[in-house]
Amino acid sequence: MNQDPSSILSQRWITALEADRAAGRKGLAVLVDPDKIKGETDLDWMGDASFQAVHTVLLGGSLVTEGSMDTVASWIRGKTDKPIVLFPGSPSQLTSEADALLFLSVISGRNPDALIGKHVEAATRVRELGLDAVGCGYMLIDGGRTTTAHYMSGSLPIPGDKPDIAATTALAGHYLGQQCMYLDTGSGAERPVSTEMIAAVNAAVPCPIIAGGGMTTPDAVMDAWAAGADLAVVGSAVEQDPHFLEAFAAESQRQD
């Protein structure tokens with residue numbers, strides 16, 4: 001399922017993810033919101049044996065008001081050698097402590113700031129920090145409730161029952177040069193991206209597919225994998241259930 005993290009870090013993160021896709025390897029990413037981390041001990045769970053099932057640590061959030069990206073990234077670096085990839089909600093959420101940056105363009109919406117505006121603000125800083133920027137076509141999907149991601153992006157999500165719209169949007173993003181696609185219902189969504197939508201996007205584009213939001217069980221992660229997601233993202237599930245990764249590791253080993 002997962003590669004040795006040292007082999008992931010020996011090459012660009014997106015190159016490793018592309019290799020995983022070509023080989024049919026699936027991965028789990030854990031999203032860490034800096035606002036939820038008040039001290040280094042809040043990350044002690046990264047030292048558990050079950051954390052070895054994790055492929056990537058995503059760091060960021062739609063609205064970071066208190067947490068320090070530099071500090072939290074440094075704490076994560078002290079806990080694990082898994083890749084740290086920034087998942088920023090704004091140009092301020094940058095740190096040189098990360099291995100890569102998802103340079104997110106909200107291609108599901110029509111807000112020019114989320115499509116290109118904020119990127120212009122951030123570009124020089126990204127270069128100064130030496131971050132490996134990965135062009136990512138970010139698609140917000142309706143997950144049953146309005147999430148912070150929907151509100152902060154100033155855009156409407158793609159209806160959850162319209163896989164054809166998601167597939168065509170992803171194809172356009174691919175033609176525009178996006179290196180991966182991220183389908184997200186947002187943190188705390190009532191339901192994850194449907195397997196039908198993931199499958200439609202997987203059939204439309206050759207690049208790696210990331211899916212997140214609303215995945216609260218190991219089965220939901222594996223359903224996303226089976227539908228075509230290369231990297232499934234969990235955040236709230238780990239925050240709310242300290243045993244989630246144990247259950248996930250046990251289930252993944254059973255299915256292997």
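The values are calculated or read from the model by the stated rules, or taken from the named source; none is laboratory data. Note that the structure is a prediction, hence the values are computed from the model and not measured. Glycine gets a Cβ as well: all are built from the backbone with ideal geometry, and neighbour counts include every protein chain shown.
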**Request:** Quickly run through region 218-239 and pick out the residues that are buried (at least 24 other Cβ atoms within 10 Å of the Cβ) and among the β-branched types (Val, Ile, Thr).
**Result:** Val221, Val233, Val234
**Message:** I need the full set of residues from region 81-112 which are touching a residue at least 60 places away in the same chain (Cβ under 8 Å) and within 27 Å of Gln52 (Cβ to Cβ), in order please.
**Reply:** Asp81, Lys82, Pro83, Val85, Asp99, Ala100, Leu102
**Request:** Could you tell me whether any residue of region 123-133 is within 18 Å of the chain's Cα centre (by Cα), surrounded by fewer than 22 Cβ atoms within 10 Å (Cβ to Cβ), in contact (Cβ under 8 Å) with a residue 60 or more places away in the chain and closer than 23 Å to Met215 by Cβ?
**Result:** no
**Fill in**
Every listed condition ((1) buried (at least 21 other Cβ atoms within 10 Å of the Cβ); (2) under 15 Å from Ser236 (Cβ atoms); (3) in contact (Cβ under 8 Å) with a residue 24 or more places away in the chain) holds for Met215 save (3)
**Message:** I'm trying to understand the selection: among the residues of region 228-256, which are within 17 Å of the chain's Cα centre (by Cα) and in a helix (DSSP H, G or I)?
**Reply:** Ser236, Ala237, Val238, Glu239, Leu245
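Condition check ((1) in a loop (DSSP other than H, G, I, E, B); (2) modelled with pLDDT of 95 or more; (3) within 30 Å of Ala247 (Cα to Cα)) across all residues:
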{"residue": "Tyr138", "(1), (2), (3)": "no, yes, yes"}
{"residue": "Leu156", "(1), (2), (3)": "yes, no, no"}
{"residue": "Gly177", "(1), (2), (3)": "yes, yes, no"}
{"residue": "Met181", "(1), (2), (3)": "no, yes, yes"}
{"residue": "Val193", "(1), (2), (3)": "yes, yes, yes"}
{"residue": "Met197", "(1), (2), (3)": "no, yes, yes"}
{"residue": "Ala200", "(1), (2), (3)": "no, yes, yes"}
{"residue": "Ile210", "(1), (2), (3)": "no, yes, yes"}
{"residue": "Gly214", "(1), (2), (3)": "yes, no, yes"}
